[in-house]
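A.B. asks: Got a structure for you, written out below as structure tokens; questions coming shortly.
Just so it is clear, none of the values below were taken in a lab; they were calculated from the coordinates. Small disclaimer: the values here were computed from a predicted structure and weren't measured. Cβ placement follows ideal geometry from the backbone for every residue including glycine, while neighbour counts extend to all protein chains displayed.
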Amino acid sequence: MKYCVYNHNTIDYGILSHHRQFRETRDGDRLPMFPDNRAIIEIDLADRYKVRTTNGEVLFIGTGFDEAIRRIFYAQPDVEIEVIANGRRLTLEELEFLNDEPT
């Protein structure tokens with residue numbers, strides 16, 4: 001199946017705002033951004049975040065973890081998120097728990 005991924009941005013008074021990202025077939029049928037309802041966030045050593053599908057398709061690259069979470073949930077609110085950091089695979093809840101633990 002062939003499809004396109006669209007980014008909907010607005011520039012107002014020189015300020016760029018990202019509104020949404022969606023996937024659509026040639027016939028105009030809307031598809032979920034994460035087909036199997038799972039998103040993967042990879043964090044590299046420079047604290048860049050890469051959001052991809054389980055098929056390996058990269059949808060977003062940035063430097064803000066919170067922005068990545070917001071964009072994932074905005075695109076597909078009920079998606080499960082897996083985080084890969086420091087060679088470990090964690091759920092979003094496990095990562096939040098580890099970050100909240102006192103050292």
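A.B. asks: How much length is gained on full extension from D44 to L31, taking 0.36 nm per residue of separation minus their Cα-Cα distance?
C.D. replies: Here the segment from D44 to L31 would lengthen by 1.8 nm.
A.B. asks: Also: Please list the non-local residues whose amide H lies under 5 Å from the amide H of F60, H modeled 1.01 Å from N, same-chain partners needing a gap of 5 or more.
C.D. replies: V51
A.B. asks: Given +1 on the Cβ of Lys and Arg, -1 on the Cβ of Asp and Glu, and no further charges, what dipole in debye does region 47-103 carry about its Cα centre, rounded to the nearest 20?
C.D. replies: Once rounded to the nearest 20, the dipole reads 380 debye.
A.B. asks: Expressed in nm to one decimal, what extension gain is obtained for the pair E93 and I11 from 0.36 nm per residue of sequence separation less their Cα-Cα distance?
C.D. replies: 26.0 nm
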